[in-house]
Amino acid sequence: MVYWAMEGFQLFLKVLNLHLVMEVQEAKEKFINAWRGFGTSWGINKTMAQIHACLMVSEDPLSTDDLMESLDISRGNVNMNIRSLIEWGVVHKTFIKGDRKEYFEAEKDIWKLARIIARERKRRELDPIVSLIGELNEDLKQDDSEASRNFQKLLSDVSDFAQKSGSVLDRFSKSDHSWFAKVLMKLIK
């Protein structure tokens with residue numbers, strides 16, 4: 001009788017563990033889908049964000065085949081987006097001893113991830129604007145018309161904003177999370 005009770009209890013524990021694993025898996029899938037939507041707000045496509053999220057929630061590095069199967073996407077789509085994530089600096093290539101496949105893992109330190117994204121967005125979005133404004137101002141030096149002066153004023157304002165934003169992003173990308181928390185608390189008050 002005790003033996004059957006123990007077997008029943010062990011079966012109960014297995015079912016409970018399976019249920020918990022399913023809950024964790026469902027939560028991970030919800031996170032991946034939500035991250036997919038967030039990705040567009042930091043300048044990447046939805047599939048790239050989905051791959052990044054899948055790598056973030058995985059406890060182990062994943063191969064291209066793992067990502068294809070998990071997300072039901074093509075090899076070319078995985079490879080193209082993985083390359084971009086590596087260029088961003090949020091995913092790293094790794095190898096598993098005895099396996100010839102390439103594996104990938106995501107940066108999981110959320111503060112480091114935020115700093116990388118800030119640095120990349122500045123480099124991809126603000127730096128080109130500041131550079132373009134410098135070129136436009138050089139082109140407009142000789143034009144003394146009112147339209148030119150008005151446009152140069154607009155360019156100056158945009159440049160000033162972009163440079164100040166860039167300075168904040170530079171400082172954030174080089175800081176630790178306590179600096180950012182202090183700044184954020186000052187803004188909230």
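The C-alpha radius of gyration of region 103-167, expressed as a fraction of 2.2 N^0.38 Å, stands at 1.60.
Gain on full extension, evaluated as 0.36 nm per residue between residue 73 and residue 144 minus their Cα-Cα distance, stands at 19.9 nm.
Here the extension length gained between residue 45 and residue 114 equals 23.1 nm, from 0.36 nm per residue of separation less the Cα-Cα distance.
Cut-off is 10 Å between beta-carbons; in what order do 129, 51, 86, 44 appear when sorted fewest neighbours first?
Ordered by Cβ neighbours within 10 Å, fewest first: 86, 129, 44, 51.
Here's how it looks for residue 104: its modeled amide H is under 5 Å from those of 62, 63, 94, which are all 5 or more places away or on a different chain.
For region 25-66, what D do you get in µm² per second when you plug the Kirkwood radius from alpha-carbon pairs into Stokes-Einstein at 25 °C and 0.890 mPa s?
Numbers: Rh = 10.4 Å.
The Stokes-Einstein estimate is 237 µm²/s.
The stretch between residue 84 and residue 96, if pulled fully straight at 0.36 nm per residue, gains 2.1 nm over its current Cα-Cα span. For region 56-91, list residues with backbone N below 15 Å from a point placed 7 Å from the Cα of residue 25 toward its Cβ? Taking a point 7 Å out along Cα→Cβ of residue 25, the residues of region 56-91 whose backbone N falls under 15 Å are 58-59, 69-72.
When Lys and Arg each count +1 and Asp and Glu each count -1, what net charge do the other residues less than 15 Å away from residue 102, Cβ to Cβ, add up to? Let's see the in-between values first.
Details: positive: 75, 83, 93, 97, 100, 101; negative: 60, 65, 66, 99, 105.
So the surrounding residues net to +1.
Every number in this text was worked out from the coordinates using simple rules, so none of it is lab data. Being a predicted model, the structure only gives us computed values, none of them experimental. With ideal geometry, Cβ positions are generated from the backbone for all residues, glycine too; neighbour counts draw on all protein chains shown.
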